[in-house]
1. With respect to residue 272, determine if the residue is modelled with pLDDT of 95 or more, under 28 Å from residue 207 (Cα atoms), in a helix (DSSP H, G or I) and assigned by TED's automatic domain parsing to the domain that holds residue 202.
2. Please enumerate the residues belonging to the stretch 248-274 that are surrounded by 14 or more Cβ atoms within 10 Å (Cβ to Cβ), more than 16 Å from residue 187 (Cβ to Cβ) and touching a residue at least 60 places away in the same chain (Cβ under 8 Å).
3. Being crowded, with 17+ Cβ neighbours inside 10 Å, assigned by TED's automatic domain parsing to the domain that holds residue 21 and assigned to a loop (DSSP other than H, G, I, E, B) narrows it down to one residue among 129, 163; which is it?
4. Would you tally the residues in the stretch 44-62 being touching a helix residue (DSSP H, G or I) at 6+ places or on another chain (Cβ under 7 Å) and within 10 Å of residue 12 (Cα to Cα)?
5. Report yes if residue 61 is free of Cβ contacts under 8 Å to residues at least 12 places away in the same chain and either more than 17 Å from the chain's Cα centre (by Cα) or assigned to a strand (DSSP E or B) (or both), otherwise no.
6. Please note which helices (runs of 4 or more DSSP H) are completely contained in the stretch 292-349 and include at least 1 residues that are closer than 21 Å to residue 13 by Cβ and not assigned by TED's automatic domain parsing to the domain that holds residue 133.
7. Looking at this structure, is residue 146 in a helix (DSSP H, G or I), farther than 30 Å from residue 349 by Cβ and in contact with a helix residue (DSSP H, G or I) (Cβ under 9 Å, 6 or more places away or on another chain)?
């Protein structure tokens, strides 16, 4: 018999949190509360709570009445310009939530924390590959380390544990989320097609040919579900990716086919520069194709796209530890992209194929 769970998903509007809330809401004996500053999540079986995790009094008012929380899936994140500022604010998010949950929910069993490639220095330059969970840490500050250390110290001697999951470039369905590679590619391709252009890789030649990996938000959601119920996952860290690797030089023509486009040789084209003036064009496309009226500036972070498409070094991590512990979910990345683009069309976020 499934043990009943009450799960708080923090950051439920993001690509990671949305997928986790959706997946968990479909599981037996599981009640889901989606936490976010914004509203309008619109997921069946998910109770939305608008809360500012940076305000302890708001957390206490909104979360304090939920006295039976068993699991926290923590996907909340606030961007700041420096590493030190990121550590301070993102540790505060986690601490403020846990302070209240521990006080009112003595039955807390598990916290899932999301990390990522920054734990290995993927944001700094070339790093050891395949990256392993036992690789030595980098020079602090790093908010991943601070959050992990906080949970490790806070859970010591208590009835709950934590698991840290490390994906790379999470791909899923969400809008208004800056770190969503799916939206970067989909909107860039849709605009290129509308302008009658072939689909050119907008990054460097080195990035075009380097080995890369991504993580399906659905796979990551399954991993969060698994970690919260698996004894082997207590206080452990796991790399979670789709399970395959690719080079953009081979994936890009397949993405072009998914949009019915020709592909052309890559030309380094800073997206933050060349996509900055495309808001009026997108507004016309929205009317022309009957798309959701999502403001252009909320669709995509072009800076995130530039970062990914200009990383000219291999970015791969080992998932052997998770497999040995019992987590085996995987997906072909080309299939993942195709399915996500189809979903964006069904949801009228991008134009239909013509």
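1. Yes; evaluated as a whole, the condition is true for this residue.
2. Listed by number, the residues that qualify are 248, 251, 254, 263, 264, 266, 268.
3. Sole residue among the options that is crowded, with 17+ Cβ neighbours inside 10 Å, assigned by TED's automatic domain parsing to the domain that holds residue 21 and assigned to a loop (DSSP other than H, G, I, E, B): 129.
4. 2
5. Yes; evaluated as a whole, the condition is true for this residue.
6. Those helices (runs of 4 or more DSSP H) span 302-309, 333-346.
7. Considered against the rule, which asks whether it is in a helix (DSSP H, G or I), farther than 30 Å from residue 349 by Cβ and in contact with a helix residue (DSSP H, G or I) (Cβ under 9 Å, 6 or more places away or on another chain), residue 146 comes out as yes.
Per-residue answers, yes or no, for (1) exposed (fewer than 14 other Cβ atoms within 10 Å of the Cβ); (2) under 21 Å from residue 102 (Cβ atoms); (3) in contact with a strand residue (DSSP E or B) (Cβ under 9 Å, 6 or more places away or on another chain); (4) at pLDDT below 95:
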| position | (1), (2), (3), (4) |
| --- | --- |
| 9 | no, yes, yes, no |
| 15 | no, no, yes, yes |
| 19 | no, no, yes, no |
| 32 | no, yes, yes, no |
| 35 | no, yes, yes, no |
| 42 | yes, no, yes, yes |
| 51 | no, yes, yes, no |
| 62 | no, yes, yes, no |
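The values are calculated or read from the model by the stated rules, or taken from the named source; none is laboratory data. All figures in this text were calculated on a predicted structure; none of them were measured in a lab. Positions of Cβ are backbone-derived with ideal geometry, glycine not excepted, and every protein chain shown enters the neighbour counts.
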